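For reference, the structure discussed in these notes is given below.
The values are calculated or read from the model by the stated rules, or taken from the named source; none is laboratory data. On a predicted model such as this, the values are computed, not experimentally measured, just so you know. Ideal geometry is used to build each Cβ from the backbone, glycine not excepted, and the neighbour counts take in all protein chains shown. We work out accessible area using only protein heavy atoms, side chains counted, and drop any ligands, DNA or RNA first. Shrake-Rupley method; radii C 1.70, N 1.55, O 1.52, S 1.80 Å.
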Amino acid sequence: MSDSTKQYTKERFEQITIDRDQAEVIEKPSLSFWQDAWFRIRKNKAAIVSLFILVFIIFMAFAGPFMVEHDPDEVNVTHANLPPKVPGFEKLGILDGEGKLGSKVVNLYEVKKIDEYYWFGTDSLGRDLFSRLWKGTQISLLIAFVAAVIDVFIGVIYGGISGYYGGRVDDIMQRIVEVLIGIPSLVIVILMIMIMEAGIISIILAIALTGWIGMSRIVRGQVLQYKNQEFVLASRTLGASNSRIIKKHLLPNIMSIVIINMMFTIPTAIFFEAFLSFIGMGLQSPAASLGTLINDGYKFIEYQPHMLFFPAFILSILMIAFNLIGDGLRDALDPKMKD
Amino acid sequence: MAKYIVKRIAYMFMSLFIIATATFFLMKMLPGSPLQSAAKLSPEQRAVVYEKYGLNDPLPTQYVKYMGNLLQGDFGTSFQFKNADVMTLILKKLEYSMILGTQALIVGTIIGIVLGMIAALKQNTIWDYGSTIIAILGISIPSFVFAVLLQYVFAVNLEWFDVGLWKGWKSSVLPSIALAIGPVAIAARFIRTEMIEVLSSDYILLAKAKGANGFEIAFKHALRNALIPLITVLGPVAAGLLTGSLVVEQIFAIPGIGEQFVKSISSNDFSVIMGTTIFFSVFLIVIILIVDILYGVIDPRIRLSGGDK
């Protein structure tokens, strides 16, 4: 004890004065909500990898059809049912254009004397599957995004009105939702497609028609929770109008949960589109989507497995990526899990 | 509780009423007729057939008649299958779908629970990651992609199973596995989260302090409490199985309801479409109702707090 007191001589101490102006100074740079979320999601490896894969697939969906000289809808019957052949890989013994002809394995490109390369092969009409795959991915993504945006739009408005105005309005709107939620969405989607002409718009409408209910319930719950909190009360006391409170206080607060749910709505929409196309209720040829490509490929599964493999692979990867990003976003944005 | 059940049943009937009405009018709006393709009927024959099916009555009369029959469990007669009664047709096909559904549900849930338990007990180990990856794959990959894959590997390539033919129980193995992947994934994820939460609660600590071994804690104390909330996911699981069955039955050529539904859509068989639609809806709505009531009955905490959610 005596040793340590000796070391601390008087000169080593310095008198400080408390500057009251500095008391409120924040040392760390203040992070906005999204910076904070980005900071946390960056640590989630699965979500980041998924994000890169997703960006790559979206890029390919638009650039892919232009990377080869074949048009996705171009029919060339003499080039039908070709297996994949990629320049450079042929010497390695894979993707070299070998496929079954009858029961023998032969190089179909040599047999048919074709010099061109079809990276992912061709289908039964001789259409290039590489450009078709990315064209199909593009359509599937488009359907899913638009359907998800419509879902969010209707869901936020319906749930917002129901939660914000409350009382009798809420009562009536919630009774309607309770009846609607009992109706299996699959059944409605199929019935809607049946009466509308099969096409991109009817698929989007059918998916959106059933998807908004879940979103509206979540939004309503959030609005109910926030609308009675002090900061909203303070704003109201200061004379803010309803629209200002909704725009400035409620919407920014429910935004994160809306985005999280949208990330789960998109894969559901992708799934529904593929599902409908697979049972023959989706897009009609020559239009391609991942679902129709899988359906086409399934018919030739025994002899042309590559026709099925590529679209099924991209579909699965897309679904996995969206689910993982959704999980990551939920962990990053959910304030309850904030550490 | 009784009031809650009565309220729920009232909603259930309203949902069903809307479904039945919507299905009826949507079917009437459909372009095309099931009799169009059925050979060239002379105008006289057509009149006779239309009269027989009551297609000449004004729409409201048809609607009232249809709803009246529905209440008595009469779904009408099929246009395609030689006047077969739709209810009989559905019941005949139900057996196959039930076999697939129950097998997938039971096997899938058990595997899911085991995976979830392993993940929770060995948190952040290779076991945990493995089971999480299986769960993510199961949730993401559509059952029909999985079904096609199974068929390609085990039926086409390895030839362990027959392709596209119902030959007794053996034919139900692959489709059941394809359908089970959903329940496996959902149950595994759910049990993992629940177990982790339960394992950190005070009574587990007490059990440990009293010297209970790991096995006893895992099964007797943790799993039992983690299992209760699993009932709530039964609704979505049932819906997923039903959606999956439409395509999986198609892929494996199982003569079940799902396959029948898809077939009747392509042949415009109105009464079968209506019948199966309503059957599916009743099935799902009743399951969700039972699940909700069951949950309230089993877990007293929910009853006491007034069923908050």
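Determine, yes or no, whether B:GLU197 is among the acidic types (Asp, Glu), within 14 Å of chain A (Cβ to nearest Cβ) and within 23 Å of B:ALA180 (Cα to Cα). In short, no.
The listed residues are B:ILE254, B:ILE231, and the only one of them that is away from chain A (no Cβ under 13 Å) and open to solvent by less than 10 Å² (accessible area, probe 1.4 Å) turns out to be B:ILE254.
Annotation for region A:258-278: no member residue is buried (at least 19 other Cβ atoms within 10 Å of the Cβ), touching a residue at least 60 places away in the same chain (Cβ under 8 Å), away from chain B (no Cβ under 11 Å) and among the charged types (D, E, K, R).
Within region B:265-294, the set of residues being buried (at least 24 other Cβ atoms within 10 Å of the Cβ) and away from every other protein chain (no Cβ under 11 Å) comprises B:VAL272, B:GLY275. Checking each residue in region B:123-164 for being of a type in the set (Phe, Trp, Tyr), within 18 Å of B:PRO183 (Cα to Cα) and more than 7 Å from every other protein chain (Cβ to nearest Cβ) picks out only B:PHE146.
Hey, can you tell me all the residues within region B:257-298 that are at pLDDT below 80 and polar (S, T, N, Q)? Answer for region B:257-298, where residues must be at pLDDT below 80 and polar (S, T, N, Q): B:SER266, B:SER267, B:ASN268, B:SER271.
For region A:226-247, taking the residues that are in a helix (DSSP H, G or I), open to solvent by less than 60 Å² (accessible area, probe 1.4 Å) and not polar (S, T, N, Q), the one that is modelled with the highest pLDDT is identified as A:ALA234.
Looking only at region A:181-192, residues that are more than 7 Å from chain B (Cβ to nearest Cβ) and open to solvent by 10 Å² or more (accessible area, probe 1.4 Å) come to 4 in all. With respect to (1) surrounded by fewer than 16 Cβ atoms within 10 Å (Cβ to Cβ); (2) farther than 20 Å from B:LEU89 by Cβ; (3) among the small types (Gly, Ala, Ser), the lone exception for B:ALA239 is condition (1). Evaluation of A:GLY214 against the conditions (1) modelled with pLDDT under 85; (2) facing another protein chain (nearest Cβ under 10 Å); (3) part of a helix (DSSP H, G or I) shows that the sole unmet condition is (2).
Name the residue, out of B:ILE118, B:ILE133, B:ILE106, that is open to solvent by less than 60 Å² (accessible area, probe 1.4 Å) and not small (Gly, Ala, Ser).
Working: B:ILE133 fails: open to solvent by less than 60 Å² (accessible area, probe 1.4 Å); B:ILE106 fails: open to solvent by less than 60 Å² (accessible area, probe 1.4 Å).
Of the residues listed, the single one that is open to solvent by less than 60 Å² (accessible area, probe 1.4 Å) and not small (Gly, Ala, Ser) is B:ILE118.
Taken together, the criteria exclude A:ILE150 from residues that are assigned to a helix (DSSP H, G or I), more than 12 Å from chain B (Cβ to nearest Cβ) and free of Cβ contacts under 8 Å to residues at least 40 places away in the same chain. Against the numbered list (1) under 27 Å from A:ALA198 (Cα atoms); (2) open to solvent by less than 50 Å² (accessible area, probe 1.4 Å); (3) in a helix (DSSP H, G or I); (4) within 13 Å of chain B (Cβ to nearest Cβ), A:GLY282 comes up short only at (3).
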